Amino acid sequence: MKRIALIAISIVLVTLRLSAAEQIQIDSAEIQELKGKAGKWVQVNQRTTLQYIMKEYGCTREDIYALNEIAGKRSLTGNYVFVPFSAELLESLASRGVARTVVETSDDEFLWPVEKVNNISSILGLRGGKFHTGMDIPAERGTPVRASMEGRVVFSGYLSGFGNSLEIEHRNNFITRYCHNAVNFVKKGDFVRKGQYIGCVGSTGNSTGNHLHYEIRCVDVPLDPLDFLPGKSGLLMPHSLKNWK
Ligand SMILES: [Zn+2]
């Protein structure tokens with residue numbers, strides 16, 4: 001009962017806070033942000049080499065190593081790195097009208113952790129005799145995962161079953177969790193903005209295909225993310241939902 005009361009108080013607090021509208025920029029496929037720098041998460045590979053990236057985005061090797069806190073001469077092949085854009089590139093993008101999306105946080109407290117979701121494969125509730133503590137969103141491997149709300153990363157690492165996982169602590173005792181990631185972009189202690197790219201979708205841990213396992217918790221009680229996320233009409237639901245709600 002105590003827990004339920006705490007959740008109710010938190011929801012009241014959230015509702016009160018919503019009276020102040022605030023416009024924020026969220027990361028887009030074209031422009032993302034890390035540590036106050038505009039740029040993009042790019043995977044270094046045989047085709048997209050470090051040399052290619054430096055030329056394409058107008059940055060230096062030192063810029064990339066410093067911003068990503070990579071020591072020495074370690075090879076980056078296979079890794080995702082955040083590539084800061086040059087002032088010229090940002091200007092040219094702006095002149096073509098390429099900018100990050102602006103959202104009003106007062107409308108929707110939580111942002112969908114994956115852009116353009118049209119179906120979910122599993123919801124909060126009993127599944128095969130076990131309690132499924134979140135929602136599963138199928139997406140292609142490498143699809144960006146974004147922070148639902150601003151907050152501090154309290155866990156970034158591998159959890160048995162959940163694979164590469166992230167946990168972010170928000171105001172009012174809310175926590176969001178993002179699991180089975182191919183890679184996590186942020187580490188414990190990092191402050192993340194709402195809409196910031198924090199990792200990408202994969203199938204690590206106990207998973208049968210590429211998807212994001214997403215949770216919203218309050219005072220460590222798993223809640224139904226669908227009660228908090230905006231714009232659910234038209235969403236394809238798993239069959240189990242019919243029996244559950
Ligand atoms: Zn799941």
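Only the coordinates and a few stated rules stand behind these numbers; no lab work does. Since this is a predicted model, take the numbers as computed values, not measurements. Positions of Cβ are generated from backbone atoms using ideal geometry, with glycine treated the same way; all protein chains shown enter the neighbour counts.
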Failed condition for Glu88, given (1) in contact with a Gly (Cβ under 8 Å, 6 or more places away or on another chain); (2) within 21 Å of Gln43 (Cβ to Cβ); (3) of a type in the set (D, E, K, R): (2)
Answer residue from region 115-167, given it is within 11 Å of the ligand (Cβ to nearest atom) and assigned to a loop (DSSP other than H, G, I, E, B) and is nearest to Cys200 (Cα to Cα) among those: Phe162
Where a residue in region 123-137 is in contact (Cβ under 8 Å) with a residue 24 or more places away in the chain and its partner, wherever it lies, is away from the ligand (no atom under 11 Å from the Cβ) and among the acidic types (Asp, Glu), with Cβ under 6 Å and at least six apart: Leu124/Asp224
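Got at least one residue in region 87-100 being part of a loop (DSSP other than H, G, I, E, B), in contact with a strand residue (DSSP E or B) (Cβ under 6 Å, 6 or more places away or on another chain) and either surrounded by 19 or more Cβ atoms within 10 Å (Cβ to Cβ) or among the hydrophobic types (A, V, I, L, M, F, W, C) (or both)? Break it down into steps so the answer makes sense when it comes.
Of the residues in region 87-100, the ones part of a loop (DSSP other than H, G, I, E, B) are 96-100.
Applying the additional criterion that residues be in contact with a strand residue (DSSP E or B) (Cβ under 6 Å, 6 or more places away or on another chain) yields 100.
With the extra rule that they be either surrounded by 19 or more Cβ atoms within 10 Å (Cβ to Cβ) or among the hydrophobic types (A, V, I, L, M, F, W, C) (or both), the set shrinks to none.
There is no residue in region 87-100 that is part of a loop (DSSP other than H, G, I, E, B), in contact with a strand residue (DSSP E or B) (Cβ under 6 Å, 6 or more places away or on another chain) and either surrounded by 19 or more Cβ atoms within 10 Å (Cβ to Cβ) or among the hydrophobic types (A, V, I, L, M, F, W, C) (or both).
Could you tell me whether Glu109 is over 24 Å from the mean Cα position of the chain (by Cα) and more than 16 Å from the ligand (Cβ to nearest atom)?
On the way: over 24 Å from the mean Cα position of the chain (by Cα): no; more than 16 Å from the ligand (Cβ to nearest atom): yes.
It is false that Glu109 is over 24 Å from the mean Cα position of the chain (by Cα) and more than 16 Å from the ligand (Cβ to nearest atom).
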The lone exception for Val192 - which of (1) buried (at least 19 other Cβ atoms within 10 Å of the Cβ); (2) of a type in the set (Val, Ile, Thr); (3) within 11 Å of the ligand (Cβ to nearest atom) it fails: (3)
